[in-house]
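The values are calculated or read from the model by the stated rules, or taken from the named source; none is laboratory data. Keep in mind that what you see is a predicted model, and the values were worked out from it rather than measured. Neighbour counts run over all protein chains shown; Cβ positions are idealised from the backbone, glycine included.
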Amino acid sequence: MRERIVELGLATALAIALTTEALGTLHWLGRPALFMVWAGIAAMWGLGIRGRDWDFGWEWIPVGGIWGIEGLTALLSPPNSSDAMAYHMPRIVYWIQQHSVDNFATPYLNQIMLQPLHEYVVMHLQLLSGGDRLANCAAWVSTGGYLVAVSLVAKALGAGARGQALAAFCAATLPNGIMQASGVKNEALLSFLLCGLVYFALQQRRWAVGAAFALACFTKGTAYLFCAPLVLLLIPRALPHAALLLLIVNGGFYWRNFDLSGSPLGFDSAQADGKYRWRNEYLSWQPLASNSVRHLSEQLGARDEAWNQRVFQTALAAHEALGISANDPAMTWPYTEYVAPRLANHETDSNNRWHLLLLGVGLIYFAWRRDRLPLLIFAGMAGGVIAFCFYLKWQPFMSRMWLPLFVLGMGPVGVMLGRAHWLTQAGVFLFLTSGSRLPLMQNWVRPLRGPATLFTLSREDLYYQDMRQWPVRKQYDELVRELVAAPCREIAMDINQFQLEYPLQALLLKAHPETRFVHVGTANPSKKYEARTADVKPCAVVCLACDRWLSARP
């Protein structure tokens with residue numbers, strides 16, 4: 001049953017990717033076409049799991065409990081992280097509006113330039129349900145998928161039933177994974193695809209590895225860095241299959257980016273001006289060393305400020321010994337500063353420090369036993385870490401991007417724990433269960449406990465949970481009231497100063513589903529797509545974070 005779930009999950013992701021691209025090309029993206037697509041997907045699942053033996057034992061009950069609480073959180077909360085407000089959800093609004101995934105004019109190029117698979121899934125759910133009530137379920141279902149997939153990785157490495165369940169349990173208790181499971185970020189889907197890739201590689205199934213690799217690269221750019229070393233070490237014969245499927249799955253996306261920027265991967269910065277460039281300004285040992293130290297220190301943050309300061313001072317001392325600056329702008333995100341780590345209950349920068357310890361113990365254990373396959377997986381993960389630190393600038397909100405490697409690493413950890421004494425297993429179980437309470441119950445933007453929770457806040461309030469650092473709520477409320485009451489249903493959006501447009505879009509669409517939006521003031525290369533929205537005749541202009549937020553005339 002578990003193997004078939006992973007196979008069907010991979011096939012579903014492939015079906016969503018290919019049908020969305022095909023329907024978008026024909027401008028047929030809409031509810032009737034997607035009902036037909038999902039009727040086929042449902043039939044595939046029905047036939048695929050029929051007659052399969054149930055192989056989830058009682059050891060899976062804690063895993064199911066954690067996953068169930070995540071699902072409750074996902075259903076009660078709207079999508080509300082800052083990235084969701086800026087590009088994950090707005091791009092879906094424009095795709096639905098134009099019945100296509102074609103590029104559109106936007107001042108914020110992340111809306112059209114970044115990998116789209118996770119948003120395709122959310123768009124399908126949104127079109128089928130008539131709103132964003134199920135938007136967070138894409139990450140939640142992906143989380144369930146990676147819990148199953150990592151247990152299969154443990155099985156392929158020789159773990160028994162308990163070791164497989166412990167691998168899933170360790171992955172289920174990753175604090176960052178818990179918080180991402182109820183949002184709309186795409187690391188959970190990438191984690192599922194990465195674990196699926198490794199499992200199929202261990203089974204020597206080249207086409208499945210190629211499909212997982214292609215879909216991972218269609219989900220997030222970090223997949224190129226994380227997946228390639230694992231494929232090269234575990235199943236290099238799958239490279240031709242991966243290359244072919246990469247072009248098939250990503251071909252339309254590559255072409256749209258090439259048309260926009262001259263590169264299949266798009267510009268190297270969100271505004272096409274080189275100011276917020278993702279990659280390091282130079283590629284050498286210095287950014288590799290600095291970023292490795294800074295990312296490691298972030299995973300060690302705790303509630304003890306004295307400890308955090310010791311970690312911070314040690315990291316600074318390491319930089320000084322190497323003769324490099326911890327805030328070198330050539331390898332640091334603009335206008336940010338490296339500071340002491342902390343223990344956060346937010347999906348962007350929460351860490352997995354105790355699971356990092358388990359990975360370290362696991363590496364020592366398998367090196368001592370000279371166990372080849374787990375060591376190959378660890379080597380592939382190390383290759384991903386090196387590529388990530390070597391290529392990408394350090395940012396203060398990148399802890400979430402390490403989730404796929406942490407999830408994958410719980411496969412070998414499950415093997416190790418499955419061989420341990422039952423008292424050791426019980427101790428790890430109780431410790432990780434205790435550590436999962438705060439991420440589960442007191443997520444800063446989707447809390448189940450505390451003075452203001454998902455049960456006491458309105459859905460409208462929850463849209464702004466991750467925007468409290470900006471004094472904009474009053475203006476948003478006034479805009480919504482005024483536009484809902486007005487006869488105007490075609491809105492021009494100027495987001496040059498402030499990109500978080502989705503709360504306004506969501507609330508207007510809830511009141512008047514026929515509302516349409518178009519960007520104005522676009523000065524980057526996507527301006528050439530303005531003609532594609534010429535049929536939208538705006539009767540009001542919203543300029544976010546401007547002196548005058550609303551104008552009656554475009």
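Points worth noting:
- S151 being within 14 Å of the chain's Cα centre (by Cα), modelled with pLDDT of 95 or more, within 18 Å of L403 (Cβ to Cβ) and buried (at least 24 other Cβ atoms within 10 Å of the Cβ): no
- Options Q469, Q475; residue that is loosely packed, with under 14 Cβ neighbours inside 10 Å and either in a helix (DSSP H, G or I) or among the polar types (S, T, N, Q) (or both): Q469
- Scanning the stretch 170-186 for residues that are among the small types (G, A, S) and touching an Asp or Glu at 6+ places or on another chain (Cβ under 6 Å) turns up A181, S182, G183.
- Selected residue (criterion: nearest to the chain's Cα centre (by Cα)) from residues of the stretch 508-534 that are farther than 15 Å from W95 by Cα and either in a strand (DSSP E or B) or among the charged types (D, E, K, R) (or both): K510
- Only a single item in (1) more than 24 Å from the chain's Cα centre (by Cα); (2) surrounded by 16 or more Cβ atoms within 10 Å (Cβ to Cβ) is not met by A306, and it is number (2).
- Wholly enclosed helices (runs of 4 or more DSSP H) of the stretch 95-174 bearing at least 1 residues under 21 Å from L189 (Cβ atoms) and free of Cβ contacts under 8 Å to residues at least 60 places away in the same chain: 110-113, 117-129, 137-156
- Residue check, A367 crowded, with 19+ Cβ neighbours inside 10 Å and aliphatic (A, V, I, L, M): no
- Residue in the stretch 371-379 that is at pLDDT 95 or above and not in a helix (DSSP H, G or I) present: yes
- Restricting attention to the stretch 480-504, the residues being in contact with a strand residue (DSSP E or B) (Cβ under 6 Å, 6 or more places away or on another chain) and under 22 Å from Y87 (Cα atoms) number 6.
- Every pair of residues 6+ apart whose Cβ atoms lie under 8 Å, when the first sits in the stretch 460-485 and is within 22 Å of A540 (Cα to Cα) while the second is in a loop (DSSP other than H, G, I, E, B) and of a type in the set (G, A, S): V472/A545
- Residue in the stretch 35-43 that is more than 30 Å from Y463 (Cα to Cα), surrounded by 15 or more Cβ atoms within 10 Å (Cβ to Cβ), out of contact with any His (no Cβ under 8 Å at 6 or more places or on another chain) and not assigned by TED's automatic domain parsing to the domain that holds R468 present: yes
- Taking the criterion of being under 17 Å from R310 (Cβ atoms) and either of a type outside the set (V, I, T) or touching a residue at least 60 places away in the same chain (Cβ under 8 Å) (or both), the residues of the stretch 286-300 that qualify are R294, L296, S297, E298, Q299, L300.
- Selected residue [at negative phi, in contact (Cβ under 8 Å) with a residue 40 or more places away in the chain and buried (at least 16 other Cβ atoms within 10 Å of the Cβ)] from W54, W60: W60
- In the stretch 252-303, residue nearest to the chain's Cα centre (by Cα) [restricted to those that are surrounded by fewer than 20 Cβ atoms within 10 Å (Cβ to Cβ) and among the aromatic types (F, W, Y)]: W278
- Within the stretch 394-411, considering residues that are hydrophobic (A, V, I, L, M, F, W, C) and over 30 Å from A330 (Cβ atoms), the one farthest from the chain's Cα centre (by Cα): M410
- In the stretch 125-148, the residue that is surrounded by the fewest Cβ atoms within 10 Å (Cβ to Cβ) out of those that are hydroxyl-bearing (S, T, Y) and within 18 Å of the chain's Cα centre (by Cα) is S142.
- Residue list for the stretch 505-541, restricted to those being modelled with pLDDT of 95 or more, within 18 Å of T106 (Cβ to Cβ) and among the charged types (D, E, K, R): R516, K527, K528, E530
- Looking across the stretch 351-393, the residues that are over 19 Å from A228 (Cβ atoms) and under 21 Å from the mean Cα position of the chain (by Cα) come down to N351, N352, R353, H355, L356, K393.
- Among the residues of the stretch 350-361, none qualifies, meaning not one is touching a residue at least 60 places away in the same chain (Cβ under 8 Å), assigned to a loop (DSSP other than H, G, I, E, B), out of contact with any Lys or Arg (no Cβ under 9 Å at 6 or more places or on another chain) and surrounded by fewer than 17 Cβ atoms within 10 Å (Cβ to Cβ).
- Which numbered condition L239 misses (of (1) surrounded by fewer than 19 Cβ atoms within 10 Å (Cβ to Cβ); (2) in contact with a Ser or Thr (Cβ under 6 Å, 6 or more places away or on another chain)): (2)
- Search result, residues across the stretch 535-549 that are touching a Lys or Arg at 6+ places or on another chain (Cβ under 9 Å) and in a strand (DSSP E or B): A540, V541
- Residue in the stretch 484-498 that is among the charged types (D, E, K, R), at pLDDT 95 or above, crowded, with 19+ Cβ neighbours inside 10 Å and out of contact with any Lys or Arg (no Cβ under 6 Å at 6 or more places or on another chain) present: yes
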